[in-house]
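Since the structure comes first, as structure tokens, the remarks are kept for the end.
FYI, it's all coordinate maths here, none of it is from the lab. All values reported here derive from a predicted model rather than from experimental measurement. With ideal geometry, Cβ positions are generated from the backbone for all residues, glycine too; neighbour counts draw on all protein chains shown.
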Amino acid sequence: MNIVSLIHQRLAARLLLLATTAVFGLACAGANAVTPVPAGGALMPASQFLPEKPGFTSWRVLAQVELVKQNSKLLPTFAQTVTALDGKVIRVQGFMMPLDIGDKQRRFLLVAAPPHCSFCLPAGPDAMIEVRAKSDVRYGFDVVSLSGKLQVLKDDPAGLYYRLVDAVVTQ
């Protein structure tokens, strides 16, 4: 194999990698934005929501947030019903998106809708909670019910709005 053929092969491989990255980037581009809330106030189509359970905080409540420009940043402004939950122990249910490899997780995202793509988040930051569990939580595709102290994040560097600390699996 001569040097020209080798250069062409490497260039073709890099172009393929670049094209693949661009396609995945476009597919996931809207995943980091705040989930648009239609005029009816629904975060997602009703069919996407888990049935609400008595004693559990609803994703509809957590969706009561707007972005407000302050200086050169867009920061979340939460409804009073949400700020009242800050520092309180809540129960919430959702779907696990692991942040590490393995079937047991201590830090993961809990999201309102079932994940549909391994490379994309299923909703905006108003429909996900960073979870820091007390002990390992087994990864699966089923609904996870958790209890823990909710932190409402007003200016998180990662763009998150909510964190659940000392979380444990509950019924």
Legend entry - Residue pairs, from the table K53/K73; K69/K134; K53/K104; K53/K134, whose Cα atoms sit over 32 Å apart: K53/K73; K69/K134
Inset, instruction - Mind jotting down a quarter of the surface of the convex hull over the alpha carbons of segment 33-169, in square nanometres, one decimal? - result: 8.5 nm²
Inset, instruction - Search the structure for amide H atoms under 5 Å from the amide H of R106, placed 1.01 Å from N in the peptide plane, and list their residues when 5 or more places away or on another chain. - result: V137
Inset, instruction - Normalising by the residue count of segment 33-169, find the relative contact order in percent from Cα pairs under 8 Å and 6+ residues apart. - result: 24 percent
Inset, instruction - Please identify which residues in segment 102-130 have an amide N closer than 17 Å to a label point set 7 Å out from the Cα of K53, following the Cα→Cβ vector. - result: 110-114, 129
Inset, instruction - Using amide H atoms built 1.01 Å from N in the peptide plane, name the residues 5+ places from L153, or on other chains, whose amide H lies under 5 Å from its own. - result: Y162, R163
